[in-house]
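What follows is a short report on a single structure.
The values are calculated or read from the model by the stated rules, or taken from the named source; none is laboratory data. Values in this document were obtained by computation on a predicted structure and should not be read as measured data. All Cβ positions, even for glycine, are placed from backbone atoms using ideal geometry, and neighbour counts span all protein chains on display. These accessible areas exclude ligands, DNA and RNA; they are computed on the full protein's heavy atoms, side chains included. Shrake-Rupley method; radii C 1.70, N 1.55, O 1.52, S 1.80 Å.
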Amino acid sequence: MRGLPQKQNARRAYKIRLCGHLRRYKKIVKKTYIIYHKIKSLFLEMYNLEHASPIDYKWHEQFILSQLLYETAKNHFFYEKKQNHVHLINWVIKYFSEHYQENISLDDIINSVNISKSHFIRIFREYTNHTPMDYLNHFRIERAKELLCQTELSIKNISIDVGFSDEFYFSRLFKKSVGVSPQHYRKYQHSLTLFNPDTPLE
């Protein structure tokens, strides 16, 4: 009978330690969901050790805790790395939106972010499904579409205004992206405005 209170006290002490571990990792688990199920399974293993002998669960507890520490540290590093990638992509996109009218090269971006070209392209494609220069050109084309609808600027001036030095390259890229030439796009958009019954009369 004396062994029963000792065993109960040992299990109670184990649960107290387990709750302490749970509180310790609570913030990290909430912050990093990628290995949530892995961490959860490790805690379940720890909880199930309550039914093991005192010698067994002490040894297994240390082993599982070492796994838990490894998974948490690994995921925390992964999370911080991903956050850095998000900041990098956001910075590049913001840079494009503010400097799209300028002559931007991929080397200019690489020199600014200080990482290898292949690594940067891979990260950018992972987050946007585009290469950096494809994304920039897409942004320029969208801006050109606005100018074609809202201004009477020539195609040449619009191409220069959105960052293309070659009018013919701009026209080819525009047709490839939109499906029609800049001239046809402008005419079509103007025809929609002309025959729109909601268009206010001057």
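For the pair GLU152 and VAL113, a Förster radius of 30 Å applied to the C-beta separation gives a FRET efficiency near 0.15, rounded to the nearest 0.05. Too long at a 28 Å Cα-Cα cut-off: which of LYS94/LYS145; LYS94/LYS187; LYS156/LYS187; LYS156/LYS176; LYS117/LYS145? Flagged as over cut-off: LYS94/LYS187; LYS117/LYS145.
Legend: calculated FRET efficiency, LYS187 to ILE160, from the Cβ-Cβ distance at R0 = 22 Å, rounded to 0.05, equals 0.55. Computed with a 1.4 Å probe over protein heavy atoms only, the accessible area of TYR188 comes to about 130 Å².
Sequence-distant contacts, meaning Cα pairs under 8 Å at least 6 residues apart, place the relative contact order of region 81-202 at 20 percent.
Per residue, the accessible area of region 80-179 comes to 60 Å², computed with a 1.4 Å probe over protein heavy atoms only.
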